[in-house]
1. Return the total of residues in the range 259-284 being crowded, with 20+ Cβ neighbours inside 10 Å and of a type in the set (S, T, N, Q).
2. Could you grab me the full set of residues in the range 49-77 that are touching a Ser or Thr at 6+ places or on another chain (Cβ under 8 Å) and polar (S, T, N, Q)?
3. In a helix (DSSP H, G or I), surrounded by fewer than 24 Cβ atoms within 10 Å (Cβ to Cβ) and on the phi < 0 side of the Ramachandran plot, is that true of Ala367?
4. Can you find even one residue in the range 205-217 that is surrounded by fewer than 18 Cβ atoms within 10 Å (Cβ to Cβ), of a type in the set (Lys, Arg) and within 23 Å of the chain's Cα centre (by Cα)?
5. If I filter the range 385-403 for residues that are over 22 Å from the mean Cα position of the chain (by Cα), closer than 30 Å to Asp97 by Cα and of a type outside the set (Asp, Glu), do I get at least one hit?
6. Please identify the pairs in which a residue from the range 361-375 that is free of Cβ contacts under 8 Å to residues at least 12 places away in the same chain has its Cβ atom under 7 Å from the Cβ atom of a residue that is assigned to a helix (DSSP H, G or I) and surrounded by 18 or more Cβ atoms within 10 Å (Cβ to Cβ), counting only partners at least 6 apart or on another chain.
7. Restricting to the range 408-420, name every residue that is on the phi < 0 side of the Ramachandran plot and surrounded by fewer than 22 Cβ atoms within 10 Å (Cβ to Cβ).
8. Got at least one residue in the range 333-350 being without any contact (Cβ under 8 Å) to a residue 40 or more places away in the chain, of a type in the set (A, V, I, L, M) and either assigned to a loop (DSSP other than H, G, I, E, B) or closer than 19 Å to Val70 by Cβ (or both)?
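The values are calculated or read from the model by the stated rules, or taken from the named source; none is laboratory data. Keep in mind that this is a model prediction, so the values were computed, not measured. Neighbour counts run over all protein chains shown; Cβ positions are idealised from the backbone, glycine included. Accessible surface areas use protein heavy atoms only, side chains included; no ligands, DNA or RNA. Shrake-Rupley method; radii C 1.70, N 1.55, O 1.52, S 1.80 Å.
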Amino acid sequence: MAPRPRVRLRARLVAAAATALGLLLTGCSGEPEEDGGRITLQFQSLAWQKESVDANKELVKEWNAAHPDVQVKYVQGSWDSVHDQLLTSFEGGEAPDIIHDASDDLADFAYGGYLADLGELLPGRLKSDIPQRSWETATFGDGIYGVPFLQEPRVLIANAKWLKQSGVRIPTPDRPWTWQEFRKVTDELSGDADDGKYGVAWPLKEPVSATLNLSLSTGGKVFHRGDDGKVEVRFDAADQVVPKTVHDQVNSDKSASSSTLGMGGSDTLPGFFGGKYAMVPLGFSYRQQIVQQAPDGFDWQVLPAPAGADGLTQGVSPQTLSIAEDSPHKKEAMAFIDFLLQAENMVRLAQGDWMLPTGTEALKDPALHAEKNDWATGTELAEHLRSAPAQSVRGYPEWKDKVATPALQEYYSGAISMGELRRRLVEDGNLVLARYQR
């Protein structure tokens, strides 16, 4: 189904109105578009780490110095409230011209007609530099509604000393562990039943995206689109490999700590530094926190996530740059995006966020192949990143919140069986999706 012209999104105005004050505070209204022939573009950035904010602001400053007739105003947004804040601004006709978001947040805005189709605006250089597999993350129907520019694989952050002393085979992107081998290794790395040491800690407070994205390695898809364009949920053998591995590590092998299942990634770091867990599956950008917080002398390393029938493939939802459909200066906005995503600038943004660029030329930069902080390991994974399974599925947020999250949490804790997990994901899940596909 192609995105339609302006159609009001499903009723979220009560929640959106509550964020109206936040919208005003971010400065997305009241700015004149033109001043004596000079165009002013609003660029709302969600950068939050100091290095990332500094890189974005420096690039805006460089653009403004070189383009006196097209000035860009940097506006600080927040990942915590961006969806409702954008909804408010779209509904009020006050949206920023250039919008920083993530590809998994774009579907409603694309289908609602709030984002410009970038297909005819994209410069040839930018379109060819970013691989098709990345463009697919921001494609809805027949249109492209964002430029994917930063991406983050899930990796294993390991206690290097612990691994070396154990004598287990250290995986590399060329020779990763299989999921079966990973389970065996975590069992070997675990301590005695009473010493409180575990081979792995799974921080699964938000279990759905981690499960779906890692399951691409085993051929799992969960969402299947038919010839009529409608999506149905399945939970076949390939989809079950990753969740069964986690479940068995926690409940059968006791090689994974049950106490971390309700944690976010940052919550596991004190135990990791304290020698409680040999490995923690985390996003690649967590390396920054580890560099900043690890005690002196703590030896850590990045390992690739386990591989399945489809190798190291995993799903990602890249950060994106979009243009508001109501912006009167779409060409100028795209010219700024093209500048921001020149290869050398994309590298600066990637380093600021400790993530990987999507651009082919940027990925060649020597800084991203350095051994220090294991940049090289992550960069080798870039070619294996694909669109997250749920990117374009309407109704996915409700399926995730009401069906998949509680079902996976109960399964991982041992409260329900694989059969019950499957029933809930499929039967209850398809009832949810059906309401969005009438």
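1. The total comes to 2.
2. Asn56, Gln71, Gln76 - these are the residues of the range 49-77 that are touching a Ser or Thr at 6+ places or on another chain (Cβ under 8 Å) and polar (S, T, N, Q).
3. In short, yes.
4. Yes: one or more hits.
5. No, there is no match, as no residue in the range 385-403 is over 22 Å from the mean Cα position of the chain (by Cα), closer than 30 Å to Asp97 by Cα and of a type outside the set (Asp, Glu).
6. Within 7 Å, the pairs are His369/Trp375; His369/Thr379; Trp375/Leu368.
7. Gln409, Glu410, Ser413, Ala415, Ile416, Ser417, Met418, Gly419, Glu420
8. no
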